[in-house]
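Have a look at the structure below, then the notes.
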Amino acid sequence: MQWSLLSSRVLASCCKFTPFMLASLFVLPAQALPAAQSNNTARAKAVTDWCTPLVARLPKVSLNDCRASLLKPTGINSFNGFPILSRELPADARHPHAIKALLIGGIHGDEQTASAIVFKWMESMQKGPVEFNWKIAPIVNPDGLLAKQPRRVNARGVDLNRNFPTPEWQKEAPAYWARVTRKDPRRYPGKAPVSEPESRWIYETIEKYKPDVIISVHAPFGVLDFDGPNDPPSRFGRLVYNRVGVYPGSLGNYSGVHKDIPVVTIELPNATQMPPEAEIQRIWVDMQKWIRQNITPPVRTANRR
Ligand SMILES: [Zn+2]
């Protein structure tokens, strides 16, 4: 389904929009747009207001919150042509050799709080002080989030968190899916590693941005998980460390185990209901404290001293 058609349905079901108002959200009418994946860039140009459909799905995120986040299209679009949004927020002048942190929300589209809480932390960052160099992408699976019913997988039915190029992916990921998950459609790893535009964007961002640590937010298991060479966090807010598991093709396995870039997986306790405001802030404060104490300042800064 084309994103523009789908988003119209989302909007029509949630908000008081007239057909004219809906049409005015898009530069081009849906029927004028090609359906092939290769043209999803052209289709994405039709999206002029991405915040409106997003906030209809994100608990406790207002239109103003979304616009104030200053997210921008990365130039890479989801399969359905919705822009993957991100922004960088550099550390302030008191932290000239700051750690680079990549913060990702919503790799599973039906975990709405995992995207929404990133907007709340961005508000905190914008109030400052900013201790780390942040690269932030709160909604890396927009098609899953904006589906008629939010769903874990992307528009092509791929679990993006099983689509990263861990060694032996071709041998292990499809076999694990068949044998252990019994071909659970919610956990389909895809036909090849980084076969999806969304997982490829994350993969290429890791290659180019070279984060020192990755924070990936999920729900609803209510725990912390960790992959990487460092000591794991013991507690962020009420969330305590408890291994969820290592899977062929997962981001934690790919980045934390095989690339030695630590990945903290935050599993919020509920996929649709946000934690209380105080808990959102406690997780944020504890996360920064753990990064400060456990992530070694990168060599690139040591050389400059
Ligand atoms: Zn998840």
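Report yes if V264 is in a strand (DSSP E or B) and exposed (fewer than 15 other Cβ atoms within 10 Å of the Cβ), otherwise no. When the stated conditions are applied, V264 does not pass them. Scanning the range 166-211 for residues that are over 20 Å from the mean Cα position of the chain (by Cα), charged (D, E, K, R) and farther than 19 Å from G109 by Cβ returns E168, K171, E172, R179, R182, K183, K191.
For the range 144-164, filtered to residues that are out of contact with any Gly (no Cβ under 7 Å at 6 or more places or on another chain) and not polar (S, T, N, Q), the residue that is nearest to R57 (Cα to Cα) is L146. Of all the numbered requirements in (1) surrounded by fewer than 16 Cβ atoms within 10 Å (Cβ to Cβ); (2) closer than 20 Å to A173 by Cα; (3) away from the ligand (no atom under 16 Å from the Cβ), V257 misses one, and that requirement is (1). If you go through the range 160-193 and keep only what is in a loop (DSSP other than H, G, I, E, B) and either under 20 Å from S216 (Cα atoms) or among the aliphatic types (A, V, I, L, M) (or both), you end up with N163, F164, P165, T166, V180, Y188, P189, A192, P193. Considering only the range 101-142, state which residues are of a type in the set (F, W, Y) and assigned to a loop (DSSP other than H, G, I, E, B). The answer is F132, and nothing else.
What are the residues in the range 194-208 that are more than 16 Å from the ligand (Cβ to nearest atom), assigned to a helix (DSSP H, G or I) and of a type outside the set (A, V, I, L, M, F, W, C), if any? Scanning the range 194-208 gives P197, R200, Y203, E204, T205, E207, K208.
The numbered conditions (1) within 15 Å of the ligand (Cβ to nearest atom); (2) under 16 Å from L251 (Cβ atoms) are all true for P211 except (1).
Checking the range 105-116 against the condition returns no match, with no residue being more than 15 Å from the ligand (Cβ to nearest atom), of a type outside the set (S, T, Y) and under 21 Å from I295 (Cα atoms).
Scanning the range 124-149 for residues that are surrounded by fewer than 19 Cβ atoms within 10 Å (Cβ to Cβ), more than 14 Å from I99 (Cα to Cα) and touching a residue at least 40 places away in the same chain (Cβ under 8 Å) yields a total of 3.
Does L251 satisfy the condition of being farther than 22 Å from G144 by Cβ and within 14 Å of the ligand (Cβ to nearest atom)? So L251 does not fit the description; no. Taken over the range 79-100, the criterion of being of a type in the set (K, R), outside any strand (DSSP E or B) and touching a residue at least 40 places away in the same chain (Cβ under 8 Å) is satisfied by no residue. Screening the candidates P248, P229 for the property of being loosely packed, with under 13 Cβ neighbours inside 10 Å, more than 17 Å from the chain's Cα centre (by Cα) and not β-branched (V, I, T) yields one hit, P229. Residues that are within 15 Å of the ligand (Cβ to nearest atom) and β-branched (V, I, T) within the range 117-150 comprise I117, V118, I139, V140, listed in sequence order. Residues in the range 151-180 that are surrounded by fewer than 21 Cβ atoms within 10 Å (Cβ to Cβ) and within 14 Å of the ligand (Cβ to nearest atom): R151 alone. Selection over the range 176-190 of residues that are more than 18 Å from I202 (Cβ to Cβ) and in contact (Cβ under 8 Å) with a residue 60 or more places away in the chain gives a count of 1.
Just to be sure, is E168 in contact with a Pro (Cβ under 7 Å, 6 or more places away or on another chain) and over 30 Å from L89 (Cβ atoms)? No: the conditions fail for E168.
Values quoted throughout were computed directly from the atomic coordinates according to the rules given, and no laboratory measurement underlies them. Just so it is clear, the model here is predicted, and its values are computed rather than measured. Cβ: placed from backbone, ideal geometry, glycine included. Neighbour counts: every protein chain shown.
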